[in-house]
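S.K.: The structure that follows is given in the form of structure tokens.
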Amino acid sequence: MNVVKSYPDGVFCWVDFNTSDGGGARAFYTGLFGWEAVDVPGETGPIYTLFQMGGKNVAGLNSMVEPGAPAAWASYVKHSDVDGVAARATAAGANLIFPPMD
């Protein structure tokens with residue numbers, strides 16, 4: 001497996017799956033890809049699951065989604081000035097769902 005050590009600005013760098021059925025998603029993706037699932041305290045809720053392959057993080061799972069909300073993958077883009085990007089986006093009319101995260 002290729003291990004990326006750093007990402008240039010503007011490149012997708014992380015994905016996670018958001019669902020109200022964390023147990024179902026965990027069983028599906030661990031079975032489909034052979035990923036291991038490790039629960040950790042999360043920034044946006046009490047539990048966040050890291051999917052790992054060969055001991056390396058490959059994706060995340062957030063199961064603290066309101067029941068009935070649609071399940072969705074979220075993609076994250078790396079930038080060295082995330083606060084500046086967020087400020088420019090909101091100045092252009094964007095609505096932030098979450099504040100910038102390092």
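S.K.: Collect residues whose amide H, placed 1.01 Å from N in the peptide plane, falls under 5 Å from the amide H of Val58; neighbours closer than 5 in sequence don't count.
M.R.: The list, which skips near neighbours in sequence, is Phe51, Gln52, Met53.
S.K.: Considering only the other residues whose Cβ falls under 11 Å of the Cβ of Asp9, what net charge follows from Lys and Arg at +1 and Asp and Glu at -1? All intermediate terms of the calculation are to be shown ahead of the outcome.
M.R.: On the way: positive: Lys78; negative: Asp81.
After counting each charged neighbour, the total is 0.
S.K.: For helix 22-33, what angle does its Cα long axis make with the longest principal axis of the chain, in degrees from 0 to 90 and rounded to 10?
M.R.: 80 degrees
S.K.: Just to check I understand the Karplus step: with θ = phi - 60° and J = 6.51 cos²θ - 1.76 cosθ + 1.60, what whole-Hz values come out for segment 56-69, glycine and proline as x?
M.R.: So the Karplus estimates, Gly and Pro as x, are 10, 5, 10, 6, x, 9, 10, 9, 9, 9, 4, x, x, 5 Hz.
S.K.: So what's the back-of-envelope 222 nm ellipticity for the chain, counting only DSSP H runs of four-plus at -39500 (n - 2.57) apiece and dividing by all residues, rounded to 500? Write out the running numbers ahead of the final one.
M.R.: Details: 2 runs with 22 residues, N = 102.
-6500 deg cm²/dmol, from helical runs alone.
S.K.: Right, here's the next one. So if I take the alpha carbon set of the chain, get Rg, then get Rh from the Kirkwood formula, what is the Rg over Rh ratio?
M.R.: On the way: Rg = 15.0 Å, Rh = 15.1 Å.
Checking Rg against Rh, the ratio lands at 0.99.
S.K.: Something else about it: Give me the net charge of Ala71's neighbourhood, meaning all other residues with Cβ under 14 Å from the Cβ of Ala71; Lys, Arg count +1, Asp, Glu -1. Present the calculation step by step, with values, prior to reporting the outcome.
M.R.: Working: positive: Arg26; negative: Asp16, Asp21, Glu66.
Taking every other residue near Ala71 into account, the sum is -2.
S.K.: Return the sequence-ordered ³J(HN,Hα) values of segment 2-7 in whole Hz as given by the Karplus equation 6.51 cos²θ - 1.76 cosθ + 1.60 applied to θ = phi - 60°, using x for Gly and Pro.
M.R.: So the J values, rounded to whole Hz, are 6, 10, 8, 9, 7, 10.
S.K.: While we're looking at this one, here's another question. For the chain, what's the relative contact order in percent, using C-alpha pairs closer than 8 Å and at least 6 residues apart? If you can, show how the numbers build up before the last one.
M.R.: Details: 144 pairs, mean separation 34.6, N = 102.
Once divided by the residue count of the chain, the mean separation gives 34 percent.
We did not get these values from a lab; they are worked out from the coordinates using the rules stated. In this text the structure is predicted, and so the values were computed from the model without any measurement. We place every Cβ from the backbone using ideal geometry, glycine too, and count neighbours over all the protein chains shown.
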